[in-house]
1. Per the Kirkwood formula on distinct C-alpha pairs, the Rh of region 179-241 is how many angstrom?
2. How charged is the neighbourhood of Thr14? Take every other residue with its Cβ under 15 Å from the Cβ of Thr14, and add Lys/Arg as +1 and Asp/Glu as -1.
3. How much accessible area per residue does region 195-250 have, counting only protein heavy atoms and a probe of 1.4 Å, in square angstrom?
4. Within region 180-204, whose backbone N sits under 11 Å from a point 7 Å along Cα→Cβ of Ser218?
5. For region 149-250, with all protein chains present and a 1.4 Å probe, just round the carbon and sulfur fraction of the accessible area to a whole percent.
6. Restricting to Cα atoms and excluding each atom paired with itself, what does the Kirkwood estimate give for region 135-225 in Å?
7. Return the distance in nm (one decimal) between the two label points of a simple spin-label model at Ile21 and Lys126, each offset 7 Å from Cα along Cα→Cβ.
Amino acid sequence: MRKISVTTKSGHYTVSVGSGILDSLAKRMPALTGKKRKLIFLLTSPEIWALWGQRLQASLPQEPVLLFLPPGERHKRMAQVERLATEMAKAGADRSSLLVAFGGGVIGDVGGFLAAVQESAKHMGKNGRVIMISGIDSVRMLPGHGVLGAAKAALESMVRDLAFELGPREITVNGVNVGYIDTDSSRFYFGAEFETMTQRSASRCALKRPPTLEEIASVVCLLCMPEASYITGQTIMVDGGLTLGFPLAP
């Protein structure tokens, strides 16, 4: 087995690559060691569970509560995320519960966001803030972004659910959906067409220019201010009016 050490500005983690990892999963996850948790939730797809479920379950310290997210674009909708959140609530999920995402794509994105909020909420007190960053592909078709767009739409749905879960503790949960911005990702995605797409985007938005990163960050800061204490459960579109334009306009 090979271990790859990854260090970013926000933290450090290890990626394990090899065979037989499922059989010793509990030993490799600090969150699964120590005292017994009230509940362990396992988010996966029926197909993945059919192939690897028994081996994974045998490595866990206790039987998990299964949450299934079917494959296919028609299942990657906000209704599915709302269903999963409801199932967790009915099973008795609380801040001590552990959520394990067993799969990739939407499973990893949705499970990762939910687990991050669950963990950070333990350390938040009154006036805590949770901010989710989304993108234009959650509300508009973007070629090649079917799975990613569905994952972002699911996160926007979770913003609404988590707002009610954390609201009694005076913690607000909001999202910021950005339009077309100049990032390494957009430059990579559009390649040689980047400048053309930038000009086209600017011409179709109300302000006739692309945003600066500082303008996007300012909205996040706004939502974190004490004066924004009554804004929660919202995903704010910060796109200069791009998504409101008439699609057939020249």
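1. Working: mean 1/r = 0.0757 Å⁻¹.
Roughly 13.2 Å, rounded to one decimal.
2. Value of the local net charge: +4.
3. On the way: 3920 Å² over 56 residues.
Computed with neighbouring chains in place, this is 70 Å² per residue.
4. Hits in region 180-204 for Ser218 at 11 Å: none.
5. Numbers: 3770 of 5940 Å².
It is 64 percent, rounded to a whole number.
6. Mean inverse Cα-Cα distance, inverted, gives 15.0 Å.
7. 4.4
The values are calculated or read from the model by the stated rules, or taken from the named source; none is laboratory data. From a predicted model like this one, the values you see are computed outputs, not experimental measurements. Cβ coordinates were reconstructed from backbone atoms using ideal geometry, including for glycine residues, and neighbour counts include every protein chain displayed. To get the accessible areas, we keep the full protein, side chains included, count just its heavy atoms, and leave off ligands, DNA and RNA. Shrake-Rupley method; radii C 1.70, N 1.55, O 1.52, S 1.80 Å.
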